[in-house]
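Visitor: Below is the structure I would like to discuss, written out as structure tokens.
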Amino acid sequence: MPVERTEPRGADELHKYYEIYETIGSGGFAKVKLGRHILTGEMVAIKIMNKKDLGDDLPRVKVEIEAMKNLSHQHVCRLYQVIETSTQIFMVLEYCPGGELFDYIIAKDRLSEEETRVFFRQIVSAIAYVHSQGYAHRDLKPENLLIDADHNLKLIDFGLCARPKGGLGYELMTCCGSPAYAAPELIQGKAYIGSEADVWSMGVLLFALLCGYLPFDDDNCVVLYRKITRGKYDNPHWLSPGSILLLNQMMQVDPKRRLSVRQLLDHPWVLKEYNSPVEWHSRRPVFSPKHTQICCYRYIHKHFGNILAIYFLFMLYHEFNYFCRICPSYCFHHTTTLPETIKNTVQALNCEKYYLCSYTKKKVKMLSLGRTAAHHRQERRDRDKTRENKENIAVQEKDAEKFLLPPPHTPVSSKKNARPAKNVLTTPNQNVNAVSPKGKNRSRSLDMAGLEDSGKKKRAGKVFGSLERGLDKMITMLTPSKRRALRDGPRKIKVQYNVTLTSQTNPDQVLNQILSILPTKNVDFTQKGYTLKCRTWGDFGKVTMAFELEVCLLQRPEVVGIRRQRLKGDAWVYKHLVEDILSTSSI
Ligand code: ADP
């Protein structure tokens, strides 16, 4: 995983590669903004932290980065890139447009047992994986589970996670996390096992999903702690016997009597209507350093040929082994992460415009850094004989772990020495030579030696042409959408879970009602059209809560709606406050 130090222009680096949009969330340490990777058009979430503000919490951020670098799972939010300057840290994350699971629950009041099961299985999957990697999350709550574009959950916020040196069985001492979700042994200051504490939090979370409120709740911390340590809560009448039993088995005060995550994987409640245990293994490729090297090697080989591939491999082995552990495609994707030496080498070899591949989406997306027609022509001249390299690149991505790498060769340090060396890539591993049917497309090698044979030239030209067409298509796709123009009237939106429907049809009337109520609830606000940016303040002039209320028009049914978005502050306090505002506004 690249952590790039660009002193002092990290923010410039960020702007070079990303368009930065509005704030979509903020937490104890960070402001999170929506961003767009300029080259690919991919939306990202950028977590921005000021080192000065972090103070003693800087180690927490380091912990989070380190953990996210090591975790790669379909239900764990992906960390793409980290840019660090002397004053700030930017974490570029997979964007989850569905918002927090918390908002989803409160919008629906509570979830049905069937829908809860879908989400809960994903939570169990994420936690089983996280535990298998030696981590305890220690801050599980619905605010830390985001919903992605496919309505799947992604776990975030690893700032409080722990990876005991002796393994997860070792006891921890630090009391952390949100009190309402904290296990009894944790708030009592006892030594505890991280994975057991996570199961308790999962129990609280499961209760919140099924009920829409917390099992243990009180404004007074002492009272709350007493309730948690007693472990007594009421089961509402709508819970099925199966749900009651599972909750009871998870929220056992004695951690040794609590279910383990392993037991959760095939618990009868979890299995219901699925008939298969939770699949917790990562479906994402494992980006071990070795795998990274293989991908880098294959990539460079494919695009720049043997010599540079070996050189690159050498660099990875000896100098840059650390630099792209999470996802090699993103290392290329975010070119800032290519170490200078490699950039220089690429340039020295007259490839200063290079293609970047994304392996993650299975298809090869062609990205370009300002290619010109002249370069296209030059590269056409420079294309290699495809057949010779076929065996090395016609490799399925999923097979990559099986391959043995060739031992590092003496680096080619200058352009003069950079001669194409045939067969030099032959590996001792048989698997490398296996060309699967799917692998055929990958056998399009573009080496730098040049094409002698015109037939080959034509074939390669065809390949290249299709790549260029792909590139054109890509660029069209990348063209940033025009920023939403400010509208005079309220926005027209579809019904979403974070929109409260009113029975009214006049947006101005609704807006005025809310405007008159906010001051009575001690909510400070600024107005921008039909959007109210609201804040509440604590005793020491600190913002305790920030959220947006937007009056909008719904199409079906044709009524006025209020879109809510929490930006900062305790989720349950926010829920009560917004409910209070909207009910008092009598809309
Ligand atoms: P902190 O570590 O300061 O508590 P978080 O990581 O919890 O910050 O992020 C704060 C909020 O920002 C989240 O609760 C969520 O609403 C939003 N957020 C964080 N990451 C993403 C993401 N990847 N996609 C969308 N929203 C996000």
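The values are calculated or read from the model by the stated rules, or taken from the named source; none is laboratory data. Note that this is a predicted model, so its numbers are computed, not measured. Cβ sites come from the backbone with ideal geometry, for glycine too, and all protein chains shown count toward neighbours.
Visitor: Looking for something away from the ligand (no atom under 16 Å from the Cβ), of a type outside the set (Asp, Glu) and either surrounded by 18 or more Cβ atoms within 10 Å (Cβ to Cβ) or assigned to a loop (DSSP other than H, G, I, E, B) (or both) - is there at least one such residue anywhere in the range 149-158?
Guide: Checked the range 149-158: no residue is away from the ligand (no atom under 16 Å from the Cβ), of a type outside the set (Asp, Glu) and either surrounded by 18 or more Cβ atoms within 10 Å (Cβ to Cβ) or assigned to a loop (DSSP other than H, G, I, E, B) (or both).
Visitor: Next question. Suppose we filter 565, 509, 555 for residues that are at pLDDT 90 or above and not small (Gly, Ala, Ser); which single one remains?
Guide: From the options 565, 509, 555, the qualifying one is 509.
Visitor: What pairs come out if I take residues in the range 557-585 that are at positive phi and pair them with residues that are of a type in the set (A, V, I, L, M, F, W, C) and within 14 Å of the ligand (Cβ to nearest atom) whose C-beta lies under 6 Å away, six or more apart or interchain?
Guide: These pairs meet every condition: 569/545.
Visitor: I would also like to ask the following. Kindly indicate the residue of the range 70-92 that is hydrophobic (A, V, I, L, M, F, W, C) and over 21 Å from residue 162 (Cβ atoms) and also farthest from the ligand (Cβ to nearest atom) among those meeting that condition.
Guide: The qualifying residue farthest from the ligand (Cβ to nearest atom) is 83.
Visitor: Shifting gears a bit: Kindly indicate whether residue 232 is over 12 Å from residue 255 (Cα atoms), in a helix (DSSP H, G or I), free of Cβ contacts under 8 Å to residues at least 40 places away in the same chain and not aromatic (Phe, Trp, Tyr).
Guide: No.
Visitor: Hey, among 180, 197, which residue is closer than 30 Å to residue 72 by Cα and crowded, with 22+ Cβ neighbours inside 10 Å?
Guide: Sole residue among the options that is closer than 30 Å to residue 72 by Cα and crowded, with 22+ Cβ neighbours inside 10 Å: 197.
Visitor: For the condition at pLDDT 90 or above and either within 13 Å of the ligand (Cβ to nearest atom) or closer than 25 Å to residue 134 by Cα (or both), what is the one hit in 67, 30?
Guide: Matching residue, one of 67, 30: 67.
Visitor: Also: Being of a type in the set (A, V, I, L, M, F, W, C), surrounded by fewer than 20 Cβ atoms within 10 Å (Cβ to Cβ) and in contact with a Phe, Trp or Tyr (Cβ under 7 Å, 6 or more places away or on another chain) narrows it down to one residue among 140, 93, 34; which is it?
Guide: After applying the criteria, what remains is 34.
Visitor: When the range 256-285 is examined, which residues are found to be surrounded by 14 or more Cβ atoms within 10 Å (Cβ to Cβ) and over 19 Å from residue 123 (Cβ atoms)?
Guide: Within the range 256-285, just 285 meets the criteria.
Visitor: So, one more: Within the range 132-146, restricting attention to residues that are of a type in the set (A, V, I, L, M) and more than 9 Å from the ligand (Cβ to nearest atom), which residue is nearest to residue 69 (Cα to Cα)?
Guide: Among those that are of a type in the set (A, V, I, L, M) and more than 9 Å from the ligand (Cβ to nearest atom), it is 136.
Visitor: If you don't mind, another one. Suppose the filter is buried (at least 22 other Cβ atoms within 10 Å of the Cβ) and touching a residue at least 60 places away in the same chain (Cβ under 8 Å); does residue 63 pass it?
Guide: no
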